[in-house]
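Bear in mind that the values in this text are calculations on the coordinates, not laboratory data. Values in this document were obtained by computation on a predicted structure and should not be read as measured data. Methodologically, a virtual Cβ is constructed for each residue, glycine included, from the backbone with ideal geometry; neighbour enumeration extends over all protein chains shown.
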Amino acid sequence: QFQLVVTGGGLVQAGGSLRLSCTASGTFFSISIMGWYRQTSEKQRELVAIISNLDSTHYADSVKGRFTVSRDSAENTAYLQMDNLKPEDTAVYYCYATYQRAAHMQASNYWGQGTQVTVSS
């Protein structure tokens with residue numbers, strides 16, 4: 001069974017930094033995309049940053065230049081380094097992956113559990 005385990009998050013002052021990690025485990029053939037979304041009570045879930053298995057990245061405009069997504073494919077882990085955090089970054093952050101259970105199977109999407117990031121002003 002495929003699983004994503006998220007660590008990191010917490011409370012930080014504006015201008016500070018946090019690092020999230022997301023590790024995939026279980027039985028799978030490959031992971032093509034890993035990334036991060038976030039959600040607040042006022043907003044729908046929105047993309048933050050994603051990275052492909054070829055290390056191609058995509059960021060939301062609101063985090064460009066402040067957040068960095070990276071990936072350790074050998075460890076099946078993605079990271080989100082968040083610098084210069086702002087109060088508007090406060091949200092529940094979710095890890096996401098597109099993976100194949102087996103070579104002959106279609107890719108599936110999977111969401112890990114969320115982790116709270118709170119940025120105080």
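The charge dipole of the chain, taken about its Cα centre with unit charges on the Cβ atoms of Lys, Arg (+1), Asp and Glu (-1) only, comes to about 120 debye. Residues considered: 13, 106, 39. Largest GNM mean-square fluctuation over the chain, using C-alpha springs under 10 Å, is found at 106.
Annotation: for a label point projected 7 angstrom from Cα along Cα→Cβ of residue 39, residues of region 86-115 with backbone N closer than 18 Å are 89-98, 109-115. 3J(HN,Hα) couplings calculated from phi for region 54-63 with the Karplus curve 6.51 cos²θ - 1.76 cosθ + 1.60 (θ = phi - 60°) are, in sequence order, 9, 6, 7, 10, 8, 10, 5, 4, 5, 10 Hz; Gly and Pro show x. At an R0 of 30 angstrom, the distance between the Cβ atoms of residue 108 and residue 66 translates into a FRET efficiency of 0.45. Within region 32-88, the trypsin sites (Lys or Arg not before Pro) that combine a DSSP coil assignment with at most 12 other C-beta atoms in a 10 angstrom radius are 43, 64.
Directionally averaged projected area (region 1-102, Cα convex hull): 6.5 nm².
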